[in-house]
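The values are calculated or read from the model by the stated rules, or taken from the named source; none is laboratory data. Given the structure is predicted, the values throughout are model-derived calculations rather than measurements. Counting neighbours? That spans all protein chains shown, and the Cβs are built from the backbone with ideal geometry, glycine included. Heads up: the accessible areas ignore ligands, DNA and RNA and are worked out on the full protein's heavy atoms, side chains in. Shrake-Rupley method; radii C 1.70, N 1.55, O 1.52, S 1.80 Å.
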Amino acid sequence: MGCAQGKCCLPRHPRRGSAAVGGRGGATLGRAAVPGAGLVLEYAALAVAGLYPDSPARESQDTHLVATRFAGDPDLHLFAVFDGHGAAGASCAGFARDALPRLLLASLAAGPAAAFRDAMLAANAEMHAAPGVDDSMSGTTAVAALVAGGALHVANVGDSRAVAGVWRAGRLVAEDLSWDQTPFRADERARVKACGARVMSVEQVEGMRDPEDVGWTPNEGDPPRVWARDALYPGTAFTRSLGDLAAEAVGVIAEPEVKSVEITPSHLFFVVASDGVFEFLSSQEVVDRVAMYQDPRDACSAIAAESYKLWLEHENRTDDITIIIVHIRDMENAVRSCRE
């Protein structure tokens, strides 16, 4: 979900001649050892461009990053998804993807949480200054997961999401590793209002609904958005992002929320994905689908296909869809399985 002037307000109906989502859909498979924790990561990534009929040449504004043995360390592995928005959204997402590893590496000695904060803020500042990127009314979300030995650190800016599948009390449970930063959240709504923002849906701005009503319902009608007090911009459906220079004055910031968890034997896998996946699927629904497949490529394709289908059931277009699935396996059992 992007800005009011961006991708979310384009006419919505399928584009003829578009590739169907099915099979493994080009999902890639990789493996990386985490020797310090006795783990093996088996991962797959898949990106599916959205359907935008009035813009048949439109490029996907999603991008992603997989950097195993990050910084040359066999115990560090980085997975990230970026979802651009606005006219220059693809450029913003690509800039963030390229800048984040370099900036994270520069601050890593301070610890993952501090390094993520410094890197995201620095990427935002560099984007503002980059001559080839117009981020005045464009930007990108960023959600990044760093496996560091036996720990998992997740930093999030925006409404992409990371979630783990955890075996708990005899069943698979979704453990959110990030929190969507949108005006649906009372704390984020209060924060941007304290910076002078108005928070209203398009219907409220146009006088079709009580401007004081805060009873928005996800996936029903236009979502609450961030607006300048006396202007019809930026109209973002998120409260944090990289870029979006014009929105910073009303509290749309680049500071990430970071969550760190110890990887236990109960942590079976984690997912990093854009809101093209989570718009109509809950975290629990996603982890349940991942658990249906042994090969993460098959899970990526199945979830992308289901997300695609749900978009077309609710609307007449789809968003870009990007998903990374990382299985966490015990190294000894993974080696035995490969031999068999």
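The set of residues from region 92-109 being in contact with a helix residue (DSSP H, G or I) (Cβ under 7 Å, 6 or more places away or on another chain) and either among the aliphatic types (A, V, I, L, M) or open to solvent by less than 20 Å² (accessible area, probe 1.4 Å) (or both) comprises C92, A96, A99, L100, L103, L104, L105, L108.
Look at (1) of a type in the set (A, V, I, L, M, F, W, C); (2) out of contact with any helix residue (DSSP H, G or I) (no Cβ under 9 Å at 6 or more places or on another chain); (3) crowded, with 16+ Cβ neighbours inside 10 Å; (4) in a helix (DSSP H, G or I) and you find that L312 fails only one, number (3).
Let's see how each residue does on (1) open to solvent by less than 10 Å² (accessible area, probe 1.4 Å); (2) modelled with pLDDT of 95 or more; (3) in the same structural domain as L39 (by the TED database); (4) closer than 28 Å to G36 by Cβ:
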residue	(1), (2), (3), (4)
L121	no, yes, yes, no
E126	no, yes, yes, no
D134	no, yes, yes, no
S138	yes, yes, yes, no
V143	yes, yes, yes, yes
A151	no, yes, yes, yes
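Does T63 fit the bill of being surrounded by 21 or more Cβ atoms within 10 Å (Cβ to Cβ) and polar (S, T, N, Q)? Spelling it out, T63 is indeed surrounded by 21 or more Cβ atoms within 10 Å (Cβ to Cβ) and polar (S, T, N, Q).
Condition check ((1) closer than 30 Å to A145 by Cα; (2) open to solvent by less than 30 Å² (accessible area, probe 1.4 Å)) across all residues:
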{"site": "L172", "(1), (2)": "yes, yes"}
{"site": "L177", "(1), (2)": "yes, yes"}
{"site": "D180", "(1), (2)": "yes, no"}
{"site": "D187", "(1), (2)": "yes, no"}
{"site": "A190", "(1), (2)": "yes, no"}
{"site": "E203", "(1), (2)": "no, no"}
{"site": "M208", "(1), (2)": "no, no"}
{"site": "E212", "(1), (2)": "no, no"}
{"site": "T217", "(1), (2)": "yes, no"}
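Only one entry of S241, S260 meets the criterion of being modelled with pLDDT of 95 or more and over 30 Å from A37 (Cβ atoms), and that entry is S241.
Which residue out of V163, V173, V214 is among the aliphatic types (A, V, I, L, M), not in a helix (DSSP H, G or I) and not assigned by the TED database to the domain that holds T140? Quick ask: steps written out before the conclusion?
Values: V163 fails: not assigned by the TED database to the domain that holds T140; V173 fails: not assigned by the TED database to the domain that holds T140.
The unique qualifying residue is V214.
Scanning region 266-288 for residues that are out of contact with any Leu (no Cβ under 8 Å at 6 or more places or on another chain), closer than 16 Å to V326 by Cβ and open to solvent by 20 Å² or more (accessible area, probe 1.4 Å) gives a single hit, S266.
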